[in-house]
1. Roughly how big is the range 1-136's charge dipole about its Cα centre, with Cβ charges of +1 (Lys, Arg) and -1 (Asp, Glu), in debye to the nearest 20?
2. What order do you get for 28-39, 251-262 when each peptide is scored by the mean count of other beta carbon atoms within 10 Å, highest first?
3. What accessible area per residue, rounded to a whole number of Å², is obtained for the chain using a probe radius of 1.4 Å?
4. Find which of Ala56, Leu26, Ser83 sits farthest along the positive direction of the dipole of the range 24-163, computed with +1 on the beta-carbon of Lys and Arg, -1 on that of Asp and Glu, about the Cα centre.
5. Of all the accessible heavy-atom surface of the chain, with the other protein chains kept in place and a 1.4 Å probe, what percent is carbon and sulfur?
6. Given +1 on the Cβ of Lys and Arg, -1 on the Cβ of Asp and Glu, and no further charges, what dipole in debye does the chain carry about its Cα centre, rounded to the nearest 20?
7. Write down the percent of antiparallel bridges among all DSSP beta bridges whose residues are both part of the chain, to the nearest 5.
8. Whole percent per 5 Å bin, from 0 to the bin with the longest distance: what is P(r) over all C-alpha pairs of the range 186-312?
Amino acid sequence: MELGLYTFADVDPNAEEKGKEGQRRLKNLLEEIELADQVGLDVFGLGEHHRPDYAASVPSVILAAAAAKTKNIRLSSAVTVLSSDDPVRVFQQFSTLDLISNGRAEIMAGRGSFIESFPLFGQSLDDYDQLFAEKLDLLMALRDSEKVTWSGEMRPAIHDRGVYPRPLQDSLPLWIAVGGTPQSVARAGALGLPVALAIIGGEPRRFAPLFDLYREAARRAGQDPAKLKTSINVHGFIADTTDLAADQFYGPQAEVMNRIGRERGWGPTNRAHFDQARGPSGNLFLGDPETVAQKIVENWKVFRNDRFLLQMAIGPMPHDQIMRGIELYGTKVAPLVRKAVAEEKAAAPAAV
């Protein structure tokens with residue numbers, strides 16, 4: 001199982017000097033990605049947003065800067081809001097990233113959990129689903145062929161045009177990010193694309209049937225099972241002790257969830273909710289290295305996921321605490337998880 005991190009490059013939305021605040025966060029972010037590579041993590045994902053509380057509106061540019069500072073870690077969007085972007089430009093950006101990184105680029109495409117990009121780029125929310133379906137179809141065509149002929153209703157047609165540069169990888173990895181909608185999961189399976197499931201509330205095991213649906217949709221569509229990969233993407237934090245992890249993470253995570261909750265009509269969170277969520281069956285993967293490793297492994301037994309991505313850098317988390325969490329993730333958590341998963345697979349290969 002691949003282990004990694006993702007973030008949205010949170011900044012203070014109330015900062016008076018937004019340029020300096022963005023510069024500070026991106027400098028720290030590059031240091032975090034570099035450390036993740038040094039301690040042996042497999043993947044780093046960066047999400048696209050167009051809001052004052054996030055600095056990563058163009059993940060490919062930031063990931064290209066990270067590519068120059070890293071050697072092995074895979075560099076992915078998390079997510080690319082494909083519905084409001086142009087698939088040609090998305091493909092070109094990530095093909096370029098792939099060349100710069102010597103074949104480490106990935107696209108994680110989704111419809112997005114926020115809507116700011118739609119009016120910003122002149123798209124109608126009435127076309128939310130059709131935009132994504134058509135643009136995903138075009139992106140897959142661009143990935144599969146150097147010259148493309150394509151037509152749809154939401155974008156001008158392309159007639160036998162080449163799209164360059166081509167990526168170093170034979171097929172640029174393309175994941176579909178979903179938030180729990182069965183139709184989205186089934187579509188990814190029918191297309192034979194890897195799927196990344198965000199779990200930011202509730203008990204994770206309740207989401208396991210979605211992966212069953214994904215695999216069944218792929219089987220019915222005649223997709224090669226070898227192409228099917230799954231990821232779970234969650235919130236959490238790692239510190240030297242579980243109490244320290246909880247005390248450090250609660251404030252920033254609560255600030256972000258309450259800010260978003262006010263926009264969406266959620267009730268406010270509190271420490272009791274937080275402490276319940278960080279329990280064995282909750283959605284927060286938080287604690288000392290042994291606690292987090294055990295929870296990752298227990299959920300792997302449920303999901304049999306190929307990848308696990310953790311969002312630790314959320315809200316106003318101090319940079320030094322994030323760096324310590326990354327260090328512990330790579331040097332302590334990852335070896336425990338890899339050993340446990342390898343032993344489980346060796347003991348019961350037929351069940352995997």
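The values are calculated or read from the model by the stated rules, or taken from the named source; none is laboratory data. Keep in mind the model is a prediction, meaning the values are calculated, not measured. With ideal geometry, Cβ positions are generated from the backbone for all residues, glycine too; neighbour counts draw on all protein chains shown. Keep in mind that these areas ignore ligands, DNA and RNA; they rest on the heavy atoms of the full protein, side chains included. Shrake-Rupley method; radii C 1.70, N 1.55, O 1.52, S 1.80 Å.
1. Dipole magnitude for the range 1-136 comes out near 420 debye.
2. 28-39, 251-262
3. In whole numbers, the chain has 44 Å² accessible per residue.
4. Leu26
5. 51 percent
6. Approximately 620 debye in magnitude.
7. 10 percent
8. 2, 11, 19, 20, 16, 13, 10, 6, 3, 0
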